[in-house]
Amino acid sequence: MYHEVKCQGKTLNETYRKGDEKKNGGNIIEGAMKPEDQKDKEGGCNTLVPSSDQNQETVETQKTPLPSDCADEVNAKPAQKKMVKAKRGPRRKTQGRTPNRKVTDYYPVRRSSRKSKSELETEERRKIDELITSGKEEGMKIDYIDGKGRGVIATKHFNRGEFVVEYHGDLIEITDAKKREAVYAQDPSTGCYMYYFQYLSKTYCVDATKETNRLGRLINHSKCGNCQTKLHDIDGVPHLILIASRDIKAGEELLYDYGDRSKASIEAHPWLKH
């Protein structure tokens, strides 16, 4: 005979022999089972062992879905696998090959705004060319200096090496300069405004004796001056300029060394000693 054993809502077909059936007053007790089967049922999973005559049904019983409590455990495994897959996702991403990147892919290229030394020198040269050709003389004024007469005072700050002013006058060769000097010597009231220098192995002179509104010719002498002379050529023509030998504050008198140490000059102009 066949008996249907219900295990927590799921039906399992089980076969028993007639000799194994238990009778109570001639009535068959449905759901009777062996002690071994009782233990299995108490264990939570009703995997009843069928008789040897029912091998086919045994195979079917093994393939039968498990009870709800066992099914919960089975259902939990796929969920756990899903969680593991969710965790492995980023790992696979990090383990994958990434293309090589350059720093410029993340940060823009910043070009240096600092100019080279040659560029700075070129700009400074152009600036001096413009000041000389235009005749602009800024940052200074004429003032009266005790014991000296007229002098030039700085009205702004000059940095060391900065262009101050041009010693402007007539550019002549040495032969013409000597002729003019002989004429100026006849008049004691005429000052000394002739500056000799060499350029390309040739001697020249800037004669600033003629009175003009240019301020370079009025800068006084000092052996410890704050300016110094320098040659600056424009298109092959030399120009005598004065640059700051140190930082000059506004209000200071502009001074430079005339460089004349001859006995006759010192006797005629005692202030050349200082």
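Data for the structure
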quantity	calculated
Unit charges at the beta carbon, dipole of segment 113-196: most positive-side option, VAL152, SER116, THR133	SER116
Ranked packing of 153-159, 241-247, most packed first, by mean Cβ within 10 Å	241-247, 153-159
Contour excess over end-to-end distance, with Cα ends at GLU124 and ARG214 and 0.36 nm allotted per residue	30.2 nm
LEU200-LYS148 FRET efficiency (beta carbon distance; Förster radius 25 Å; 0.05 resolution)	0.10
Farthest positive-ward along segment 146-261 dipole, Cα basis, beta-carbon charges - from LEU254, GLY216, CYS205	LEU254
Accessible area (Å², per residue) of segment 170-211, counting only protein heavy atoms and a probe of 1.4 Å	69
Cα centre as origin, Lys/Arg/Asp/Glu Cβ charges: segment 170-211 dipole, Debye	140
Total formal charge among the other residues, if their Cβ is under 14 angstrom from that of GLU252, Lys/Arg +1 and Asp/Glu -1	+1
Neighbourhood charge, 11 Å Cβ-Cβ cut-off, centred on CYS192 and excluding it, Lys, Arg +1 and Asp, Glu -1	-2
Shape call, segment 128-274: gyration tensor on alpha carbons, a/c limit 1.5	oblate
For segment 170-211, diffusion coefficient by Stokes-Einstein and Kirkwood Rh (Cα), 10 °C, 1.306 mPa s, µm²/s	150
Efficiency of FRET from Cβ geometry, LYS179 and SER113, R₀ 41 Å, rounded to 0.05	0.15
Accessible surface of segment 170-211, 1.4 Å probe, proportion on carbon and sulfur as whole %	52
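The values are calculated or read from the model by the stated rules, or taken from the named source; none is laboratory data. Keep in mind it's a predicted model, so treat the numbers as computed, not measured. Cβ sites come from the backbone with ideal geometry, for glycine too, and all protein chains shown count toward neighbours. Surface accessibility is based on the protein's heavy atoms, side chains included, excluding ligands, DNA and RNA. Shrake-Rupley method; radii C 1.70, N 1.55, O 1.52, S 1.80 Å.
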